[in-house]
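Undergrad: Quick one: structure below, then a few questions.
The values are calculated or read from the model by the stated rules, or taken from the named source; none is laboratory data. The structure presented is a predicted model; accordingly, all values stated were derived computationally and were not measured. Cβ: placed from backbone, ideal geometry, glycine included. Neighbour counts: every protein chain shown. Surface accessibility is based on the protein's heavy atoms, side chains included, excluding ligands, DNA and RNA. Shrake-Rupley method; radii C 1.70, N 1.55, O 1.52, S 1.80 Å.
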Amino acid sequence: MTLAYPFDDARTSIQSQNLTEVMDRLGVRMTFAKDEEVYAQEEDADLVYRVVSGVVRTTRLLSDGRRQVGDFYQTGDLFGLEVGAQHRYSAEALCDCTIQVVKRSSLKAQADEGELDRAIWEATCRDLERAQDHVLLLGRKTAAEKVATFLMDLASRGEAEAIDLPMGRQDIADYLGLTIETVSRMLTQLQSSKVVEFASCRQFRVRKWEVLERLAA
């Protein structure tokens, strides 16, 4: 992706049919309520997770108490893969979620190790690319450009005219490195300019694609 897109079209997922079948066979489906923790920051990273339904956010608590949202994962996405032995971010259910959980050791024992290593490598590379793009977004974009980019990427994800906004204003603010007041002000400006139209606080439509794209560039 070009910028830190919350829902990239090339989102990390297990591409091999064999691995998917192994996860379906060995995995345990667990339900998580809204805001419930899936795994903790600095917890051992010995499990692999896949979103069956819902949306998951990853967050990191900084030493000064501030929270940084790292990414958002939706249906079909693989998450929780780490280069090291522990999770650098925690993961929470953004809404009621069903998550498939598999021990990494079980996958290695059952799946072709080459396929598993390749899937993990691809997932790790994509996470690194998103992290680099996120740094660019945080450090080089204005508040208006950050919010426009965020909305444009959500709108580009699906084909429906009405786009769901599963995350709240505080989640958006913590992802973009802004205050909730700034996010609300930018959204109000975009709606006042008829660039976007909010049917509710959790659903919007893009009215002027060219303007939104220009703001996000």
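Undergrad: Just checking, does the stretch 150-161 include any residue being without any contact (Cβ under 8 Å) to a residue 60 or more places away in the chain, part of a loop (DSSP other than H, G, I, E, B) and touching a helix residue (DSSP H, G or I) at 6+ places or on another chain (Cβ under 9 Å)?
TA: Initial filter on the stretch 150-161 (without any contact (Cβ under 8 Å) to a residue 60 or more places away in the chain): 155, 158-161.
Next cut, part of a loop (DSSP other than H, G, I, E, B) only: 158-161.
Okay, now just the ones that are also touching a helix residue (DSSP H, G or I) at 6+ places or on another chain (Cβ under 9 Å), so none.
Checked against the condition, which is being without any contact (Cβ under 8 Å) to a residue 60 or more places away in the chain, part of a loop (DSSP other than H, G, I, E, B) and touching a helix residue (DSSP H, G or I) at 6+ places or on another chain (Cβ under 9 Å), the stretch 150-161 yields no hits at all.
Undergrad: Can I ask one more? With respect to the numbered conditions (1) open to solvent by 20 Å² or more (accessible area, probe 1.4 Å); (2) modelled with pLDDT of 80 or more, which one is the sole condition not fulfilled by Phe150?
TA: (1)
Undergrad: Are any residues in the stretch 185-199 in contact with a Lys or Arg (Cβ under 6 Å, 6 or more places away or on another chain), under 12 Å from Val147 (Cβ atoms) and open to solvent by 40 Å² or more (accessible area, probe 1.4 Å), and if so, which ones?
TA: none
Undergrad: Got a sec? Which of Arg214, Arg207, Arg202 is open to solvent by 60 Å² or more (accessible area, probe 1.4 Å), among the charged types (D, E, K, R) and closer than 14 Å to Ala144 by Cβ?
TA: Values: Arg207 fails: closer than 14 Å to Ala144 by Cβ; Arg202 fails: closer than 14 Å to Ala144 by Cβ.
Step by step, each of Arg214, Arg207, Arg202 is checked, and only Arg214 is open to solvent by 60 Å² or more (accessible area, probe 1.4 Å), among the charged types (D, E, K, R) and closer than 14 Å to Ala144 by Cβ.
Undergrad: Testing Lys34 on (1) in a strand (DSSP E or B); (2) under 17 Å from Asp164 (Cβ atoms), one condition comes back false. Which one is that?
TA: (1)
Undergrad: Is it fair to say Glu145 is touching a residue at least 60 places away in the same chain (Cβ under 8 Å) and either under 19 Å from Ala131 (Cα atoms) or more than 21 Å from the chain's Cα centre (by Cα) (or both)?
TA: Yes.
Undergrad: A follow-up question, please. Go through the residues of the stretch 48-59 one by one and say whether even a single one is at pLDDT 95 or above, surrounded by 15 or more Cβ atoms within 10 Å (Cβ to Cβ) and farther than 26 Å from Leu137 by Cα.
TA: no
Undergrad: How many residues does the stretch 162-181 hold that are in contact (Cβ under 8 Å) with a residue 60 or more places away in the chain and assigned to a loop (DSSP other than H, G, I, E, B)?
TA: 3
Undergrad: Could you please give the count of residues in the stretch 62-114 that are surrounded by fewer than 17 Cβ atoms within 10 Å (Cβ to Cβ) and modelled with pLDDT of 90 or more?
TA: So the answer is 7.
Undergrad: Select from the stretch 175-184 the residues that are out of contact with any Leu (no Cβ under 8 Å at 6 or more places or on another chain), modelled with pLDDT of 95 or more and either open to solvent by less than 10 Å² (accessible area, probe 1.4 Å) or more than 15 Å from Thr142 (Cβ to Cβ) (or both) and list them in ascending order.
TA: Listed by number, the residues that qualify are Ile180, Glu181, Ser184.
Undergrad: Quick one: in the stretch 185-217, of everything that is polar (S, T, N, Q) and under 16 Å from Gly168 (Cα atoms), which residue is farthest from the chain's Cα centre (by Cα)?
TA: Thr188
Undergrad: Quick one: count up the residues across the stretch 24-38 that are within 15 Å of the chain's Cα centre (by Cα) and surrounded by 14 or more Cβ atoms within 10 Å (Cβ to Cβ).
TA: Qualifying residue count for the region: 1.
Undergrad: Restricting the search to the stretch 89-108, which residues are among the charged types (D, E, K, R) and either within 14 Å of the chain's Cα centre (by Cα) or in a helix (DSSP H, G or I) (or both)?
TA: So in the stretch 89-108, the residues among the charged types (D, E, K, R) come out as 92, 96, 103-104, 108.
Glu92, Arg104, Lys108 - these are the residues of the stretch 89-108 that are among the charged types (D, E, K, R) and either within 14 Å of the chain's Cα centre (by Cα) or in a helix (DSSP H, G or I) (or both).
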